[in-house]
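Below: the structure, in structure tokens.
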Amino acid sequence: MATLESLHFDNGFARLPEAYYSRVCPTPVPGPYLVCYSPEALALLDLDPGEMARPELIETLAGNRLLPGMDTLAALYAGHQFGHYVPQLGDGRAILLGEVRNAKGEGWEVQIKGGGRTPYSRGGDGRAVLRSSIREFLCSEAMHALGIPTTRALAIVGSDHPVYREDEETAALVTRLAPSFVRFGSFEVFYYRNQVEPIRQLADYVIARYYPELADLADPYPEFLRQVALRTAELMAQWQAVGFSHGVMNTDNMSILGLTLDYGPFGFLDAFDPGFICNHSDTGGRYAFDQQPDVAAWNLTKLAQALVPLMSVETASQAIGDYPQAFGRAYLGRMQAKLGLAPGDDTVSLIMDVLQLLAQNRVDYTIFMRRLCDFDSTAGALNAPLRDLFIDRAAFDAWAARYGAALRRQGSQDTERAPAQRRVNPKYILRNHLAETAIRRAADQRDYSEIERLRRLLTRPYDEQPEFETYAAEPPDWARTIEVSCSS
Ligand code: AMP
Ligand code: MG
């Protein structure tokens, strides 16, 4: 177990040439206090939980105090935002403190989001508000517990420092952890500047560190691109299967490691709605729920283009050419598992048809899938708890009859299928109204207990937790008025 002073920093990214970042120190905030932390994330750094009680740690996570071995910087990147290329973005408020090497030999980059202005802040204040920090913290850890690749969140520290958005709010910093925060946009920035060597050097760094199995290939770049496409396909399949909408799938928010990155106006589906737009500012629906797999494909073409200086255009397009199939396979596999079906004649149409029914009847996606775990496949069984979710009962009955018949044909035993299905159909997700309740209590009463309750609950999303039954329910009426925008 490490103490603050014995953390072992080994800053790989900071050893790259300065073309990739600007060295910058965080701007201190007044009176930082701990809002919440994740013991699981703390363990990634081997940090002794007792360290959380030390004011020095809070000061460090606030950016008020640096530790020996840290090498603080803001990374440069560009990106396509809502389809348009923006030549310079970069960490406008995130500051990389350093990379910790844990006892297992894993490297974890430690970043504070909201650490003050950097050379990439453009008009921004370099700060993050408590509201969006709570959402990012809870969702990062919830996604991890769901088994979905993501950046992690170690803690939130708050400060009474005022931050001005639509209204006056207070500042907060989320400590984020990831093996790397390199994005598609980290490559694009050099492509559009016609700088080939920095593209190659960054690719070499990412391959050596994160795709080491490719390092010995005579020409590793096409395979690297292919692997990124495959990881992205897998990630999209997971988002679609769980009903997660990211909200801002710009290329600067696309991780080169296939991680969920940058939690802004994200949302989980309540009622199943393929056209769900979680970002209030996305008026055209570019990043609507059902667009995500295609948007990722489009984003991959932008990454491929940025890597063309390292390979031919044909090779680059071939490298990402497997994406649609890989996504289709991964998504189908996950949906089959959610329905407890083996591949078979009727499997694909059963999946497509039930999704259509859910949409037509505006049925809660998570509740339906969870109740489906207890489906009674006996011919003629009523399956009332499921049936009651539908307005069009006859349509449900027709689908349920086909589903039951398919299960019987496949020799599926209800008692064996149910536990397996429960392992892939979460009971608890971070619904907007749950986050909103935690946010209001934190903002209005400085009461952070609801954040901790949600964090614990969402650490075991697949387990029945009877004392939290109401947290699995459909959103209350007031939830309809919650609007989530990019402002964070
Ligand atoms: P995002 O939509 O959060 O992914 O941010 C897009 C870009 O805007 C990134 O370069 C961010 O660093 C930058 N940015 C967002 N909010 C702020 C802020 N309050 N201050 C400075 N830069 C910001
Ligand atoms: Mg971003």
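Structure data summary
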item: Region 345-361, residues that are modelled with pLDDT under 95 and surrounded by fewer than 13 Cβ atoms within 10 Å (Cβ to Cβ); result: D345
item: Test: residue in region 345-368 that is over 20 Å from A473 (Cα atoms), in a loop (DSSP other than H, G, I, E, B) and outside the structural domain of Q292 (by TED's automatic domain parsing); result: yes
item: Options G124, G115: the member that is in contact with a strand residue (DSSP E or B) (Cβ under 9 Å, 6 or more places away or on another chain), small (G, A, S) and part of a loop (DSSP other than H, G, I, E, B); result: G115
item: Residues being closer than 16 Å to A178 by Cα and surrounded by fewer than 17 Cβ atoms within 10 Å (Cβ to Cβ) - total across region 31-54; result: 3
item: Qualifying residue in region 225-234 (condition: within 16 Å of ligand 2 (Cβ to nearest atom) and either outside the structural domain of V363 (by TED's automatic domain parsing) or not in a helix (DSSP H, G or I) (or both)); result: no
item: Residue within region 248-265 that is within 14 Å of ligand 1 (Cβ to nearest atom), more than 22 Å from the chain's Cα centre (by Cα) and open to solvent by less than 10 Å² (accessible area, probe 1.4 Å) present; result: no
item: Identity of the residue in region 90-105, near ligand 1 (Cβ under 10 Å from one of its atoms) and open to solvent by less than 30 Å² (accessible area, probe 1.4 Å), that ends up nearest to L44 (Cα to Cα); result: A94
item: Lone unmet requirement of (1) open to solvent by 20 Å² or more (accessible area, probe 1.4 Å); (2) more than 16 Å from ligand 1 (Cβ to nearest atom) for F268; result: (1)
item: Hey, I207 assigned to a helix (DSSP H, G or I), without any contact (Cβ under 8 Å) to a residue 40 or more places away in the chain, within 28 Å of E234 (Cβ to Cβ) and not assigned by TED's automatic domain parsing to the domain that holds P39 or not; result: yes
item: Tally of residues being surrounded by 15 or more Cβ atoms within 10 Å (Cβ to Cβ) and assigned to a helix (DSSP H, G or I) across region 177-204; result: 15
item: Hits in region 106-126 (condition: open to solvent by 20 Å² or more (accessible area, probe 1.4 Å) and of a type in the set (D, E)); result: E106, D125
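The values are calculated or read from the model by the stated rules, or taken from the named source; none is laboratory data. Being a predicted model, the structure only gives us computed values, none of them experimental. Backbone-built Cβ (ideal geometry, glycine too); neighbour counts: all protein chains shown. Protein only, heavy atoms only, side chains kept; ligands, DNA and RNA dropped before computing areas. Shrake-Rupley method; radii C 1.70, N 1.55, O 1.52, S 1.80 Å.
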